[in-house]
């Protein structure tokens with residue numbers, strides 16, 4: 001049954017009050033802005049506690065089935081809850097790979113047994129999930145994955161390596177793409193999909209130290225690791241199809257996510273606000289004509305993205321190069337974000353050279369760290385250069 | 001409140017239909033060969049084609065039904081002008097629409113009823129504002145004296161040679177006012193045509209000295225200044241619409257060449273050095289269209305509010321920068337061909353430079369946006 005406007009409005013008031021009441025105090029250390037930035041146990045435990053609290057209050061997984069820990073109500077309620085989380089600036093719900101990708105997948109195509117085993121732990125944050133798709137030799141080319149899974153009685157034996165495993169060192173489960181048949185005529189047909197445990201002998205993770213000096217990703221090594229055969233999702237050879245479905249959730253093209261804030265949104269308002277008290281030539285930096293021009297351009301860039309999302313829904317205004325707005329969105333947003341954060345540091349004057357850890361760093365070095373982290377979006381999920389090729393070939397029809 | 005502010009974007013079925021009709025019309029009636037045929041003519045447009053546009057109702061589309069228009073508002077003109085820009089179709093439509101808006105917004109109902117029906121029926125008209133190169137100056141030196149006689153000149157008056165009517169900003173009793181001048185009042189040699197960088201456009205310097213303006217053709221009071229301000233913003237919007245259309249056509253031209261031209265045994269579109277800037281042109285053009293129809297959503301017959309002002313300025317700043325970039329790269333990517341007059345890239349790079357200088361360039365608008373957004 002769908003929710004009425006009145007119900008939603010009442011719910012909004014309720015959830016807004018709860019968020020205000022329960023928004024945790026500054027813990028005294030920098031919190032991750034995205035789920036790709038959970039670098040240490042302290043951050044993990046903080047976020048785990050927060051997500052659990054949001055779930056226990058009934059504001060996470062609201063549209064997931066009740067028997068698996070969800071709320072069993074209309075998804076519109078979760079939409080309202082997410083908006084209020086964003087509006088009230090609360091921390092992220094960090095278990096994104098479970099909440100947003102693996103969870104909806106299991107909900108949609110999983111067996112009863114899989115649903116019962118996995119879904120609730122995703123919501124409560126008890127079970128952290130990670131993803132094993134990318135490999136060192138095959139960054140964006142998933143179809144060529146080489147990690148092997150060989151059936152041996154009631155088990156599969158895993159050998160190979162994955163990279164850029166977000167929270168690999170904290171995860172209890174992994175959605176894993178591995179090759180069960182190296183001789184398949186089409187490389188895609190040799191792939192299978194597993195809901196694999198991480199804490200088994202033969203699976204080791206090595207944290208990758210990021211450009212920020214922090215952690216958040218791991219390399220994951222499989223050395224004769226044995227996992228139960230019933231970890232296979234679907235059947236052997238269906239891995240590619242299930243991986244593609246997973247990416248649909250990841251890109252937000254398919255509904256079903258449990259909700260929660262996946263990343264803190266940093267806006268051009270935040271960028272301008274941080275300049276309070278910064279001087280240039282003896283007066284506010286906001287009076288400098290060159291800076292003002294740069295800021296207006298930054299505002300326009302952000303506004304153009306928002307307007308573009310609106311226009312994408314108007315058929316008559318998208319006939320020129322259909323699909324250009326959604327397909328270029330990742331390229332544009334990630335590049336805009338990177339540029340804006342770079343500008344934010346640039347405008348801080350001599351303080352711009354301070355980094356996280358310095359007591360005088362503006363906002364604790366937030367912008368310096370955020371700038372470095374912004375490259376995770378211009379590189380991850382296909383670099384901006386690859387994205388530009390995709391747009392050129394698929395939208396403009398230019399040759400490969 | 002976010003500095004990003006209003007993000008409304010609506011497009012009515014009427015607008016969608018007009019966009020469709022206008023694009024079809026301009027594609028059929030204004031192929032590039034026809035555009036080129038007009039480059040060196042005196043008026044710069046085909047009178048027969050203009051008559052067809054008038055018969056489609058475009059001259060009166062934004063005017064109220066009471067004066068013979070279709071009462072659809074200025075926003076409906078945006079898709080039409082965008083379509084014309086796409087086809088590089090030069091006509092006095094923008095000038096005439098702005099003159100009509102100025103009369104509509106500043107004039108009395110008597111003036112509207114007397115002057116506007118002819119415009120709705122397709123008599124070209126124009127506005128005469130500039131006295132020097134500075135779009136940022138509000139000062140007016142052209143005087144309308146106590147006897148109602150004009151003394152002074154205007155520069156860069158668009159479509160002056162074909163206009164039947166000029167709406168002129170003047171200084172009257174120390175205040176800004178508007179004077180309506182008929183073409184037949186102009187003296188011998190009053191017009192000196194400008195040689196423009198964009199050969200699809202026409203303008204002239206016009207000397208109004210000695211012309212006597214009848215009492216009922218003078219518009220005074222604070223309404224005149226307010227209407228003038230709004231019409232300058234609407235001018236920026238319509239030029240943005242045209243430039244956005246031209247940028248789209250320029251992109252098509254680039255893409256077509258990149259898909260057919262071979263060098264070193266490969267289609268040049270396969271080289272990333274050309275591919276990636278072309279994607280930039282696509283995304284910038286996308287932004288221009290988004291700003292354009294956002295602004296069209298916010299403008300109406302009443303005085304423009306701050307959100308509408310911001311939107312018009314952003315639309316202009318974005319569209320003209322986009323077309324400058326697209327036109328510039330179009331020449332470069334065509335290689336030796338691009339350096340020739342025969343290559344269509346020249347049409348776009350010339351249009352880009354012209355558009356940038358109408359109703360204030362990108363820096364002009366961003367400077368004003370800074371005050372609106374940051375102070």
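Results, tabulated for the structure shown:
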read-out: Looking only at the range B:357-368, and only at residues there that are farther than 13 Å from residue B:321 by Cβ and in a helix (DSSP H, G or I), the one that is nearest to the other protein chains (Cβ to nearest Cβ); value: B:367
read-out: Residue match in the range A:300-313 (condition: outside any helix (DSSP H, G or I) and either within 29 Å of the chain's Cα centre (by Cα) or within 7 Å of another protein chain (Cβ to nearest Cβ) (or both)); value: yes
read-out: Evaluation of residue B:88 against (1) within 17 Å of the chain's Cα centre (by Cα); (2) under 24 Å from residue B:301 (Cα atoms) (one fails), failing number; value: (2)
read-out: Checklist (1) surrounded by fewer than 18 Cβ atoms within 10 Å (Cβ to Cβ); (2) closer than 29 Å to residue A:101 by Cα applied to residue A:280, failing item; value: (2)
read-out: Any hit, the range B:333-356, residues being in a helix (DSSP H, G or I), within 14 Å of chain A (Cβ to nearest Cβ), out of contact with any helix residue (DSSP H, G or I) (no Cβ under 7 Å at 6 or more places or on another chain) and buried (at least 17 other Cβ atoms within 10 Å of the Cβ); value: no
read-out: Residue match in the range A:323-335 (condition: outside the structural domain of residue A:28 (by TED's automatic domain parsing), crowded, with 17+ Cβ neighbours inside 10 Å and not in a helix (DSSP H, G or I)); value: no
read-out: Condition met for residue A:345 (more than 9 Å from chain B (Cβ to nearest Cβ), modelled with pLDDT of 95 or more and part of a helix (DSSP H, G or I)); value: yes
read-out: Per-region count, the range A:249-280, residues within 14 Å of another protein chain (Cβ to nearest Cβ), closer than 26 Å to residue A:50 by Cβ and in contact (Cβ under 8 Å) with a residue 60 or more places away in the chain; value: 4
read-out: Residue tally, condition over 31 Å from the mean Cα position of the chain (by Cα) and at the interface with another protein chain (Cβ under 7 Å from one of its Cβ atoms), over the range A:281-299; value: 3
read-out: Residue in the range A:358-374 that is in contact with a helix residue (DSSP H, G or I) (Cβ under 7 Å, 6 or more places away or on another chain), closer than 29 Å to residue A:166 by Cβ and either surrounded by fewer than 18 Cβ atoms within 10 Å (Cβ to Cβ) or within 11 Å of chain B (Cβ to nearest Cβ) (or both) present; value: yes
read-out: Residue in the range B:3-17 that is in contact (Cβ under 8 Å) with a residue 40 or more places away in the chain, assigned to a helix (DSSP H, G or I) and closer than 19 Å to residue B:249 by Cβ present; value: no
read-out: Residue A:316 being at the interface with another protein chain (Cβ under 7 Å from one of its Cβ atoms), crowded, with 16+ Cβ neighbours inside 10 Å, modelled with pLDDT of 95 or more and more than 28 Å from residue B:368 (Cβ to Cβ); value: yes
read-out: Count of the range A:319-342 residues which are touching a residue at least 40 places away in the same chain (Cβ under 8 Å) and facing another protein chain (nearest Cβ under 8 Å); value: 4
read-out: Residue satisfying condition, being over 21 Å from the mean Cα position of the chain (by Cα) and either within 15 Å of residue A:123 (Cβ to Cβ) or at pLDDT 95 or above (or both), within set A:25, A:16; value: A:16
read-out: Residues within the range B:105-121 that are under 19 Å from the mean Cα position of the chain (by Cα) and under 27 Å from residue B:207 (Cβ atoms), tallied; value: 2
read-out: Close pairs (8 angstrom Cβ cut-off, 6 or more residues apart or separate chains): within 10 Å of another protein chain (Cβ to nearest Cβ) and loosely packed, with under 13 Cβ neighbours inside 10 Å in the range B:257-272, in a loop (DSSP other than H, G, I, E, B) and at pLDDT 95 or above anywhere; value: B:266/A:399
read-out: Strands (runs of 3 or more DSSP E) contained in the range A:162-252 and holding at least 3 residues closer than 17 Å to residue A:148 by Cβ; value: A:173-179, A:191-197, A:217-228
read-out: Some residue of the range B:234-248 being outside any helix (DSSP H, G or I) and touching a helix residue (DSSP H, G or I) at 6+ places or on another chain (Cβ under 8 Å); value: no
read-out: So residue A:118, is it within 21 Å of residue A:257 (Cβ to Cβ) and buried (at least 20 other Cβ atoms within 10 Å of the Cβ); value: yes
read-out: Number of the condition not met by residue B:49 [criteria: (1) surrounded by 24 or more Cβ atoms within 10 Å (Cβ to Cβ); (2) farther than 18 Å from residue B:238 by Cβ]; value: (1)
read-out: Residue in the range A:380-391 that is touching a strand residue (DSSP E or B) at 6+ places or on another chain (Cβ under 9 Å) and assigned by TED's automatic domain parsing to the domain that holds residue A:274 present; value: yes
read-out: Residue match in the range B:292-300 (condition: crowded, with 21+ Cβ neighbours inside 10 Å, closer than 28 Å to residue B:226 by Cβ and more than 12 Å from every other protein chain (Cβ to nearest Cβ)); value: yes
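The values are calculated or read from the model by the stated rules, or taken from the named source; none is laboratory data. Predicted model only: the values in this text are computed from it and were never measured. Methodologically, a virtual Cβ is constructed for each residue, glycine included, from the backbone with ideal geometry; neighbour enumeration extends over all protein chains shown.
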